[in-house]
Amino acid sequence: MRALILAAGYGNRLRPFTETLPKPLFPIDKEANLNRIVTRLTAAGCTGIIINTHHLHEKIASFVQAQSYPIPVVTRYEPAIRGTGGAIRNVADFLDRAPFFVINSDIVTDLDLRRVYDYHCGHQYPVTLVMHDDAVFNSVAVDASHFIRSFSPQKSGQGLPLLTFTGIQVLDRRVLEFIPQDQTVSSIHVYQSMLDQGEPVKAYVPDAFYWQDIGTPQRYQSVVFEQSAPEVFLNAFGYRPDISEIRREQLKGDGSDRKWYRITTEKDSLILADHGIQAQQSLAEIDSFVAIGRHLFKKGIPVPQIFFHDRFSGLVFLEDLGDCLLYHRMAGEKPEDQAAATYQDVIKQLIRMSISGAEGFDPAVAYQGPAYDRDLILDKECRYFVDAFLNGYLGLDHTYTDFSDEFSRLADLALENGVFGFMHRDLQSRNIMVKENRIYFIDFQGGRIGPVQYDLAALLSDPYAALSDALQDRLLGFAVQELKNYREIEGQSFLNGYAACRLCRILQTLGAFGFLTRVKQKPFFNRFIPVAVRHLKHALAGMPETLPALSRSVEEAAERVHRIFSTRLDV
């Protein structure tokens, strides 16, 4: 028994990901799908396999050559794609006299291929196509005796059920007689021609089996999820449910492009974070999310446990912490002393994260730079504020150079007075969860080495929570005393660093709100702009150094924000 694996296509529906990695090498459960197919064919009794190639053929050939298969596995490059029928005709010299498999390289199945082969050998017809009921692709008419009557939905008629051709087939060698030599032709066209000439084409319709194709990003990710989720539940909770027992519900998103899901069985639940397919080799956000999350968890920092991740598909399975954000908790807490107690608990964990999280932290896993440094402040916070908020959102006409000297001074103040440790970099009330009265930090993928004052500033000047100035000052004093349990600090220097970090943080926040509202069309963030502007004015007033150009611009921005929101209220 020999086999042909069809692997020459461009994978157009999977672009741009197939521009660098051919579809047959897309990993399923961290194993190239081509390898999975070779393994299944070998287990079915194949004695030799040939793989036709064209797009990125060198990568497929290199992959095959690097394996140690127990049977001969070779590739054949097609300088011009011949179609599925032409590919079969092109490997005639590789085939022997026995029936042979032809199988697409973009399918995932648990089908017993030996049974398929034995079924074919048990009848007299030259073609056996494995069929499946898939509502998305059903287009082949199959009669009650499992003979294919038409490959065209328009011609199927006669009340016959429609099924999907799975891309798995067993052929007799005499099929080659129906395929024109040195022509580009699809195998389906060949089989339809055979039907038109009265040559029967047999269908094999198993009762129940798993089959999916990975021809689109959505279907590829769905396959990875279906292959991974039961095993994740086994690792997390000690039992392996059938995929049919697992439900998936999409959750409300955040400011990023990630998608979030709650996946549940009758007894337990997990959270699935979908970062999208990651075809690039360079460090991506998912890499930082997983590496930092696991580092913090090992350090005993309250973050969700990450149970499994598949880097290429972008899927991460993690602990379900429920639905209560600190943002929600604060909306229901009216007494200031109660709010202060909650925030003091957060601050204790924040400082512990800063100190303990820095121990053994690998800066190489930090996304967009290993540390909170001058370049990050000037580009990702100061320039972001000018471009995305002042100009992009408010429509003002400023350039970065209008404030460059002041921004440089601000960066110096933040760094020279910083008390450095692990920095979350987005520690606000929507990135803090409360479960059973315990605090947990989420969305830590931006973490790096940086000043603890930055996370404190993000927490206390958070526009979502809108803490009063008095409460912010009270909590800042608590933080100073708590930090002294870990480090010797000079009080005024620490406060100077806090004032600079607070201003940097608010500039970044307003840049993000402007971008998310105007460019990403996420109106949720728009409502918090007036509070953030008020915090910005307060932060400028408290700076130890004067920033006159920035102060004038912020006054102008505040007036424009007031007009915008007053007009909306009037309407």
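If I go through segment 483-494 residue by residue, how many of them are part of a helix (DSSP H, G or I) and either buried (at least 16 other Cβ atoms within 10 Å of the Cβ) or without any contact (Cβ under 8 Å) to a residue 12 or more places away in the chain (or both)? Give the steps one after another, and end with the answer.
Filtering segment 483-494 down to residues part of a helix (DSSP H, G or I) leaves 483, 491-494.
Filter once more, keeping what is either buried (at least 16 other Cβ atoms within 10 Å of the Cβ) or without any contact (Cβ under 8 Å) to a residue 12 or more places away in the chain (or both): 483, 491-492, 494.
Total satisfying the criteria: 4.
Just checking: which of the strands (runs of 3 or more DSSP E) contained wholly in segment 78-161 hold 3 or more residues that are in contact (Cβ under 8 Å) with a residue 60 or more places away in the chain and of a type outside the set (Phe, Trp, Tyr)?
The strands (runs of 3 or more DSSP E) meeting that bar are 100-104, 107-109, 127-132.
Return a yes/no flag: does segment 37-45 have any residue that is touching a Gly at 6+ places or on another chain (Cβ under 7 Å) and either more than 20 Å from Leu176 (Cβ to Cβ) or not assigned by TED's automatic domain parsing to the domain that holds Ala203 (or both).
Step one: filter segment 37-45 for residues touching a Gly at 6+ places or on another chain (Cβ under 7 Å), giving none.
No, there is no match, as no residue in segment 37-45 is touching a Gly at 6+ places or on another chain (Cβ under 7 Å) and either more than 20 Å from Leu176 (Cβ to Cβ) or not assigned by TED's automatic domain parsing to the domain that holds Ala203 (or both).
Say we look at segment 176-200 and pick out the residues that are acidic (Asp, Glu) and assigned to a loop (DSSP other than H, G, I, E, B); which of these is nearest to Glu78 (Cα to Cα)?
My answer is Asp182.
Surrounded by fewer than 16 Cβ atoms within 10 Å (Cβ to Cβ) and closer than 28 Å to Pro24 by Cβ: does that describe Ile243? Reasoning before the result, please.
Details: surrounded by fewer than 16 Cβ atoms within 10 Å (Cβ to Cβ): yes; closer than 28 Å to Pro24 by Cβ: yes.
Answer is yes for this residue.
Going through segment 1-48 one residue at a time, which ones are loosely packed, with under 15 Cβ neighbours inside 10 Å and at positive phi? Quick ask: steps written out before the conclusion?
Initially, segment 1-48 is screened for residues loosely packed, with under 15 Cβ neighbours inside 10 Å, giving 12, 15-16, 19-20, 30-31, 39, 43, 45, 47.
The answer is Lys30, Gly45.
Taking the condition of being within 28 Å of Ser222 (Cβ to Cβ) and either of a type outside the set (Lys, Arg) or in contact with a strand residue (DSSP E or B) (Cβ under 9 Å, 6 or more places away or on another chain) (or both), how many residues in segment 90-116 meet it?
Total satisfying the criteria: 15.
The values are calculated or read from the model by the stated rules, or taken from the named source; none is laboratory data. A quick note: this is a predicted structure, and the numbers were derived from the prediction, not measured. For neighbour counting, all protein chains shown are included, and Cβ atoms are generated from backbone atoms with ideal geometry for every residue, glycine included.
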